[in-house]
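Trainee: The structure under discussion is supplied below as structure tokens; questions concerning it will follow.
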Amino acid sequence: MSIAQRLKGGGMSVIVQMSEKAQALREQGRPIINLCIGEPDFNTPESVAVAAQEAITRHDTHYPPTAGTDTLRDAVCQKLLRDNDVLATSSEVLIANGAKQLLFNAFFATLNSDDEVIIPAPYWSSYLDIVRVCSGISRIVHCGSSAGFKLTPEQLQDAITPNTRWVLLNSPSNSTGAVYTEQQWQALAKVLSQHPNVWIMTDDIYEHLVYDQDYCSFLQAAPALASRTLMINGVSKAYAMTGWRVGYAYGPQTLIKAMTSVQNYSTSGVCTIAQAAAVAALHSGRTILHERRDILKQRRDRLVDRINTIDGLHCQTPDGAFYLWVHCGELFNTHTPDGSLIHNDVALCHYLLDCAAVAMVPGSAFGENQYIRISFACAWDELEKACYRIDQACQALHTDEAVTR
Ligand SMILES: Cc1ncc(COP(=O)(O)O)c(C=O)c1O
């Protein structure tokens, strides 16, 4: 059996490579601290777990509608009105197995070969994989630190071609934590208003993890573009429900219908118990979201201070999500105590995993090779220990190869 052409060109992502190496070292007994993690270390809220148990007890265990249960789609509409000033009807909402499946459904439903998707870098690496599998071309736009790692209107204008079908915007961003303001959205919307064939996909999965400002979704800032905007979100990050696999999308009915067909060809509707849990999560109020966000904010502030004391590493304070985007380029072309050259971010991450027993993701996994991504979704004790080890390992790097022999 030969594997279909569409799967060629993927390979194992750097994130998976690092995670697998970390796991193998842990199995050998090394005390690995894993800072690759893309999920909160909290538990799913108790009320949510109880709602799932109740769904089982009342035998809510039959095939659900492909687009999602009425109760969950109604809960999503209420959430959109409450949090995002969006007046949605349930026929404009699709429930899927996580935000990831919604990205897939949307691209599979709309891309023909050679259609382009504008993706600002740093990006979540799955975007590229999904676009490729759906026959599209990712048009990557590098967003530098001077613009806060955000796409500028000029960059957007320059990236649009006659083949552009989508621009994919992620705020707060995985991996930089960058959060777009209302004015920044409006500036991008102004460009997009001149290009009626370009659709906008927003990945809002980190919406509830914004620390120092009010969250503003693209749609809130640019309601005039609603007829060609798809908003993707889910319960994974906000409610520590990554394993329940529930995401939701809001968009124009024809698109939602096409995405529902794609889902119908593959998974059908999402597990009824997980949907019941998601209803409880969306109705659970803001207190738990704020408590958890405040814990993460404290960790963020302490970690930023600590990382910036380490020679060769620098980072800005991220406005959202739970990642530090740490510049490490100054450590390139140094040598490890055993003489190996640190020639890039991947080599540095391997060294820090081997010598400091700390797993982190090289920036090249997100399209920028001068950085590493450090997740702060784990307890402060672990983060503190990790920083100490990283510091020691960085101090052991030499610029002079001769010293190391
Ligand atoms: C930017 C971004 N979007 C989407 C997802 C996936 O979310 P879900 O668990 O809902 O599939 C992730 C997970 O890491 C992410 O970082």
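Trainee: Quick one: P(r) of region 46-284 from all Cα-Cα pairs, 5 Å bins, percents rounded to integers, in order of increasing distance.
Mentor: That works out to 1, 7, 14, 19, 20, 17, 11, 6, 3, 1, 0, 0, in percent per bin.
Trainee: A follow-up question, please. Round to the nearest 0.05 the FRET efficiency obtained for residue 61 and residue 13 when R0 = 41 Å and r is the Cβ-Cβ distance.
Mentor: According to the calculation, E is roughly 0.75.
Trainee: Which whole-Hz ³J(HN,Hα) couplings does region 228-238 yield from phi under the Karplus relation 6.51 cos²θ - 1.76 cosθ + 1.60, θ = phi - 60°, glycine and proline marked x?
Mentor: Karplus values, whole Hz, x for Gly and Pro: 9, 10, 10, 9, 10, 7, x, 9, 3, 7, 5.
Trainee: Only four residue types carry charge here, +1 at the Cβ of Lys and Arg and -1 at the Cβ of Asp and Glu. Report the dipole size of region 46-284 about the Cα centre in Debye, rounded to the nearest 20.
Mentor: In total the dipole reaches around 360 debye.
Trainee: May I pose another question? For residue 26 and residue 301 in the same chain, what is the full-extension length gain: residue separation times 0.36 nm, less their Cα-Cα distance, in nm? Walk me through the numbers on the way to the answer.
Mentor: Details: separation 275, 0.36 × 275 = 99.00 nm, distance 2.86 nm.
Residue separation times 0.36 nm, minus the Cα-Cα distance, leaves 96.1 nm.
Trainee: Express in nm, to one decimal, how much length is gained between residue 157 and residue 89 on full extension, taking 0.36 nm for each residue of separation and deducting their alpha carbon distance.
Mentor: 21.2 nm
Trainee: Count charges around residue 165 for me, please; just the other residues with Cβ under 12 Å from its Cβ, Lys/Arg as +1, Asp/Glu as -1.
Mentor: Here the charged neighbours net out to -1.
Trainee: Give, as a single signed number, the net charge of other residues whose beta carbon lies under 11 Å from the beta carbon of residue 115, with Lys and Arg counted +1 and Asp and Glu -1.
Mentor: Summing Lys and Arg as +1 and Asp and Glu as -1 gives 0.
Trainee: What is the count of Lys pairs in the chain whose alpha carbons sit under 24 Å apart, if the two are 8 or more places apart or on different chains?
Mentor: 15
Trainee: Here's a follow-up. Nearest 5 is fine: what % of DSSP beta bridges in the chain come out antiparallel, could you say?
Mentor: Bridges in the chain that DSSP calls antiparallel: roughly 50 percent.
Trainee: Under 8 Å for C-alpha pairs, at least 6 residues apart: give me the relative contact order for region 46-284, rounded to a whole percent.
Mentor: 31
Trainee: Work out, step by step, the length gained on full extension between residue 309 and residue 3: first 0.36 nm times the residue separation, then minus their alpha carbon distance; give nm to one decimal.
Mentor: Gain in length upon complete extension: 105.3 nm.
Trainee: Give me the net charge for the shell around residue 81: Cβ to Cβ below 14 angstrom, other residues only, Lys and Arg +1, Asp and Glu -1.
Mentor: Summing Lys and Arg as +1 and Asp and Glu as -1 gives -1.
Trainee: To continue, here is another question. Quick one: grab Rg to one decimal and Dmax as a whole number for region 8-156, Cα atoms only, in Å.
Mentor: 20.1, 56
Trainee: Over the chain, what is the relative contact order in whole percent, taking alpha-carbon pairs under 8 Å and six or more residues apart?
Mentor: 23
Here, each number is a calculation from the coordinates, and none is a lab measurement. Not measured: the values here are computed from a predicted model. A quick note on method: Cβ atoms are made from the backbone with ideal geometry, for glycine too, and the neighbour counts reach across all protein chains shown.
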